[in-house]
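The values are calculated or read from the model by the stated rules, or taken from the named source; none is laboratory data. For clarity, every value in this text was computed on a predicted model and none was experimentally measured. A quick note on method: Cβ atoms are made from the backbone with ideal geometry, for glycine too, and the neighbour counts reach across all protein chains shown. For accessibility, only protein heavy atoms count, side chains too; no ligands or nucleic acids. Shrake-Rupley method; radii C 1.70, N 1.55, O 1.52, S 1.80 Å.
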Amino acid sequence: MRAFRTLLVASFALTGSLACDSEEHEARIAELEAELAQAKQAAGDREADAATIAKQTAELTEANATVEELEAQLETQQQQLTELEAAKGKVEGELENKKAALDAVKTLQDALSKSLVEEIETGEVSVSQRNGLLVVDVSDKVLFAVGEAELSERGQKVLTRLAESLQALPDQAVFQVGGHTDNQPIKSEEVKAKFPTNWELSAARATNVVRYLEETCGIPGKRLIAAGFSEFRPIASNKKEKTRAKNRRIEIALLPRVK
């Protein structure tokens, strides 16, 4: 009986010990599961953070590319603006030059209308702007006899009055005196003996006008150019005599100042 009681007590003790061990194991398992859950959550947070960082990096890269593109556009626009400002300055300069030329035309027309009334009214002398230059056209019949290059008495008087108006211009431009003819070949044998073609006739007439302007009218030779253009720069049709007459002329063009 005493041995049975001892065995029973030992059995209860063992059972109690096993129960305690089971509880401890369960608590440990619960603890480990909690740690695992926490680790999984931390890993998930890290993955989320990595995804966020990757997204932000991509957005930043895209933003930098946009900034670079905008900077390139801005640089292009600034260059275009510079070009437009340069073009504006050029246009303004051209407008100023044209205004100055028109003012010069008007000034010379006013001066000539007082000194060469008859010639201006009949169209034998005219002032205009041609190819950006101030040009005075004088009909050949005012200055020369037919087929001649020597200045007539009337031609000398007209050039004297014309020179006074030219010298009154404020700009010290160079005067190019051009001789021009129509397209009709020289037929007179007497004239051909002196001027075989319209080249010789146009050049001789221009040279004689230049010499008169320098030697008699006092315009410095360094401001004078003589040029013969023959028939190759007409200002009217050569089909009819009336219009051909406009091509037979002395043209005095004011060239830009030589620096």
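Results, tabulated for the structure shown:
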| read-out | value |
| --- | --- |
| Selection within the stretch 169-183 - modelled with pLDDT under 95 and open to solvent by 30 Å² or more (accessible area, probe 1.4 Å) | Pro170, Asp171, Gln172 |
| Wholly within the stretch 92-201, strands (runs of 3 or more DSSP E) carrying at least 2 residues that are without any contact (Cβ under 8 Å) to a residue 24 or more places away in the chain and in contact with a strand residue (DSSP E or B) (Cβ under 7 Å, 6 or more places away or on another chain) | 125-130 |
| Glu200 being touching a helix residue (DSSP H, G or I) at 6+ places or on another chain (Cβ under 8 Å), open to solvent by 60 Å² or more (accessible area, probe 1.4 Å) and either farther than 18 Å from Ser139 by Cβ or at pLDDT 95 or above (or both) | yes |
| Residue, nearest to Ile219 (Cα to Cα), within the stretch 230-259, restricted to residues that are open to solvent by 80 Å² or more (accessible area, probe 1.4 Å) and part of a helix (DSSP H, G or I) | Lys246 |
| Identity of the residue in the stretch 131-155, among the small types (Gly, Ala, Ser) and farther than 17 Å from Ala245 by Cβ, that ends up farthest from the chain's Cα centre (by Cα) | Ala149 |
| Test: residue in the stretch 41-49 that is over 45 Å from the mean Cα position of the chain (by Cα), modelled with pLDDT of 80 or more and either of a type in the set (Lys, Arg) or at negative phi (or both) | yes |
| Qualifying residue in the stretch 209-224 (condition: assigned to a helix (DSSP H, G or I), buried (at least 16 other Cβ atoms within 10 Å of the Cβ) and at pLDDT below 95) | yes |
| Residue match in the stretch 226-239 (condition: over 36 Å from the mean Cα position of the chain (by Cα), touching a residue at least 60 places away in the same chain (Cβ under 8 Å) and farther than 18 Å from Asn131 by Cα) | no |
| Criterion: out of contact with any helix residue (DSSP H, G or I) (no Cβ under 7 Å at 6 or more places or on another chain) and within 21 Å of Ser139 (Cα to Cα) - qualifying residue of Val67, Val91, Val105 | Val105 |
| Test for Val91: is it surrounded by 10 or more Cβ atoms within 10 Å (Cβ to Cβ), at pLDDT below 80 and of a type in the set (Val, Ile, Thr) | yes |
